Amino acid sequence: MRTSRRLTAVTTTAATATVLAVLTAFAAPASAATTPGDGPTVTVDGATTTITVDTARLQELCDRVPEAVARLDALVTRIQADAGSPGSAAWLHAQADTARGARRGAAANRMDNRAELRAGRVTNLESAADRLRLLDSSVCSQLGAS
């Protein structure tokens, strides 16, 4: 149960950090008349956006991106590991098989469901890591240059 809660916490934290960083980086007030010196200018996919947030706070968020990406990558690696790695989907399936052999069908079904749920989160975790990498290469890399 602890692994499921940790997985949920990491996923939620990563998603929140990604959304916060992207919204902070790309949300220029529509009605605000900004001058070019208000904040760093960032160009992503040919579109230029002036960031009007505290540069120090944005730098703090950017400093956390590599660690978040590393944690997401480690989590994906653990989920996709073999049956000998505790916490992997294959390990949960093996535990379910053991429970099924001991005639604990309900517990085996729960473990199989947890394994499928865990394996199904890999795409979301990889997507979050990709978005963070994009943020790092587009916004954070230009932050120091401004």
Flag for residue 5 being closer than 24 Å to residue 127 by Cα and either under 22 Å from the mean Cα position of the chain (by Cα) or modelled with pLDDT under 95 (or both): yes
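To keep it simple, each residue is scored yes or no on (1) outside any helix (DSSP H, G or I); (2) surrounded by 14 or more Cβ atoms within 10 Å (Cβ to Cβ); (3) touching a Lys or Arg at 6+ places or on another chain (Cβ under 6 Å); (4) without any contact (Cβ under 8 Å) to a residue 60 or more places away in the chain.
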{"site": "67", "(1), (2), (3), (4)": "no, no, no, yes"}
{"site": "71", "(1), (2), (3), (4)": "no, yes, no, no"}
{"site": "77", "(1), (2), (3), (4)": "no, no, no, yes"}
{"site": "90", "(1), (2), (3), (4)": "no, yes, no, yes"}
{"site": "95", "(1), (2), (3), (4)": "no, yes, no, yes"}
{"site": "103", "(1), (2), (3), (4)": "yes, no, no, yes"}
{"site": "114", "(1), (2), (3), (4)": "no, yes, no, no"}
{"site": "139", "(1), (2), (3), (4)": "no, yes, no, no"}
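Being over 16 Å from the mean Cα position of the chain (by Cα) and among the acidic types (Asp, Glu) is the filter; apply it to the stretch 91-146 and report the residue that is nearest to residue 68 (Cα to Cα). Walk me through it before giving the result.
Initially, the stretch 91-146 is screened for residues over 16 Å from the mean Cα position of the chain (by Cα), giving 91-117, 138-146.
Narrowing the set further to residues that are among the acidic types (Asp, Glu) leaves 97, 112, 116.
Values: 97: 34, 112: 28, 116: 24 Å.
Ranking the candidates gives 116 first.
The values are calculated or read from the model by the stated rules, or taken from the named source; none is laboratory data. Keep in mind the model is a prediction, meaning the values are calculated, not measured. Please note: Cβ atoms are built from the backbone with ideal geometry, for glycine as well, and neighbour counts cover all protein chains shown.
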